[in-house]
Amino acid sequence: MLALVAIVVVMFASGVSPSTADTVGTPDPVVRAKLGAGNSPAASIVPPGPLNMVGGVTVHIHVDAGSGSTIGGVNVRLCKPGLDITETTAFFPTQGGNCIPSSFVANRDDSFKTQASAPPNTSVDVDFKVGRGTKTFTWDGGAQTSTVTCNAQNPCALWVDAVVPPEATSDGTGHVWKHFDITYRNTAVADFNANSTTDVAVFRPSTGEWLDQSQPPVTFGLSGDLPVPCDYNGDGSADIAVFRPSTGVWFVSGQSPVSFGLTGDIPAPGDYNGDGTCDVAVFRPSTGAWFIQGQSTVFLGVSGDLPMPGDYDGNGTTDVAVWRPVCGCWFVTGQSVVYFGLPGDVPVPGDFDGNGTTDIAVYRPSVGGWYRNGAATTFFGATDTVPVPGDYDGNGTTDIVVFRPSDGAWFVNGGAATLLGAPGDIVLQLSPGSRAALS
């Protein structure tokens, strides 16, 4: 009798979907999603079709043996898409060249996980931290070379090898195979060409021009408008957009104007509902109110606070948060207050360690210091430079970069300088809240 094996995947951000092309024992395995590592399957079923996830997100895999059968354990690897793995040779990186042999970033993500079942050997659970990046390696005794890239432009697949008694499989191998397609959400700020990297770009208020090193200039906006680039249509690239404080109107390229906000509000766009698109939102310092289009009002903050939206818990949605310059206090919804920073600092939250969560960080212009909560200080910059953090190399982590308005020079920590911009230009890599700290 063939083993009946049901595989359940529990995702820790929306991000894994089953391939309908595979069958592991039962023809209709139940695939459900729930936040939090090591949890049992959630009650809600994952919608069909691939879902987006960010690198460094954990996937919980739960495998149930069918009635009257047992399971010895599971092996899991992150592999190229479009494969049909039916034997272990194609599964091993050194033999098939299909799956990554080591993590993209050490101690951040997984390349291989294995877990044996425990008596009565009817189920097994394992957590797998999915990363993103590029891995080039040799296989077949060094005779061949493979490159596996997993990012927003290159989806990958999570392959599960369920080990059962050999006599329980039709081919006698004792291996049942299942894969889950993985797609990645583009998390790079100011990425106007959807290549998963932050663009060197500025907005010139005097002319309403958007200047991007990799694209022709675009005129959109007026003097006094605040640039608010974000992915408002979910196509994976940042859209050119401005908020007009004098009227509270949002202008997004290719969309109808939206009246949302008042004079004195600070725009704070973000993906607050986790649907993969940016929501129009404002923070009203006078009342501490957050108004998010289509959602209930949230109260967090007081006059003088600066909005710092970000995904501070790594669940794939933007969290309401503020930074209070007078005390260096960070207030994030649902979390304890964090004291980090001094008056005069510029808040620069970002995912500096690539673990899929926003890190609390500040830039101190007086010494050119980048201070990240829980990480070593980096000194890069001067009193005449502006911080412009972003993922400029597409590796899923926020890079330390500064812009010098006096000559339009951009300096990347550990990289070459480039030129774009002039005095008076507004950098697009900082949120409106962070930019307010510069004035």
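The values are calculated or read from the model by the stated rules, or taken from the named source; none is laboratory data. Remember, predicted model here, so these are calculated numbers, not experimental data. Because the Cβ atoms are built from the backbone with ideal geometry, glycine has one as well, and the counts that use them run over all protein chains shown. Ligands, DNA and RNA are excluded from the accessible area calculation, which covers all protein heavy atoms including side chains. Shrake-Rupley method; radii C 1.70, N 1.55, O 1.52, S 1.80 Å.
Key figures for this structure:
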read-out	value
Candidates Pro120, Pro205, Pro165: whichever shows maximal mean-square fluctuation once the chain is modelled as a Gaussian network with Cα springs under 10 Å	Pro120
Compactness relative to 2.2 N^0.38 Å, alpha carbon Rg of the range 236-359	1.06
Prolate/oblate/rounded label for the range 205-257 (Cα gyration tensor, a/c 1.5)	oblate
Estimated FRET transfer efficiency when R0 is 35 angstrom, pair Asn233-Thr89 (beta carbons, to 0.05)	0.20
Distance-filtered residues of the range 403-433 - backbone nitrogen under 19 Å, label point 7 angstrom along Ala382 Cα→Cβ	403-425
GNM result for the chain, Cα springs below 10 Å: residue of Pro423, Pro285, Pro389 fluctuating most strongly	Pro423
Calculated [θ] (222 nm, deg cm²/dmol) that DSSP helices of n ≥ 4 give over the chain, each run adding -39,500 (n - 2.57)	-500 deg cm²/dmol
Answer label, with Cα Rg over 2.2 N^0.38 Å calculated from the coordinates and candidates (i) 1.17; (ii) 1.08; (iii) 1.32	(ii)
About the Cα centre, charge dipole magnitude for the range 87-188 (Lys/Arg +1, Asp/Glu -1 at Cβ), debye	500 debye
Rounded to the nearest 10 Å², the accessible area of Thr70 at probe 1.4 Å	60 Å²
Whole-Hz ³J(HN,Hα) from phi, Karplus 6.51 cos²θ - 1.76 cosθ + 1.60, for the range 240-249, glycine and proline x	5, 7, 9, 10, 9, x, 5, 10, x, 9
Kirkwood Rh and Cα Rg combined as Rg/Rh, the range 105-194	1.07
R0 of 45 Å, Cβ-Cβ distance Val258-Ser102: FRET efficiency to nearest 0.05	0.45
Accessible carbon and sulfur surface of the chain relative to its total accessible area, %, 1.4 Å	54 percent
The range 132-211, relative contact order in percent, only Cα pairs under 8 angstrom and at least six apart counted	20 percent
Virtual spin-label span in nm between Ser406 and Thr287, 7 Å along Cα→Cβ	4.5 nm
Translational D in µm²/s for the range 208-304 (Stokes-Einstein at 37 °C, 0.692 mPa s, Kirkwood Rh from C-alpha pairs)	233 µm²/s
In Å², nearest 10: area of Arg108 left accessible to a 1.4 Å probe	10 Å²
Nearest-20 debye value, the chain charge dipole, Cβ charges on Lys, Arg, Asp, Glu	620 debye
Shape call, the range 292-439: gyration tensor on alpha carbons, a/c limit 1.5	prolate
Inter-label distance for Thr145 and Thr122, nm, one decimal - labels placed 7 Å from Cα along Cα-to-Cβ	5.2 nm
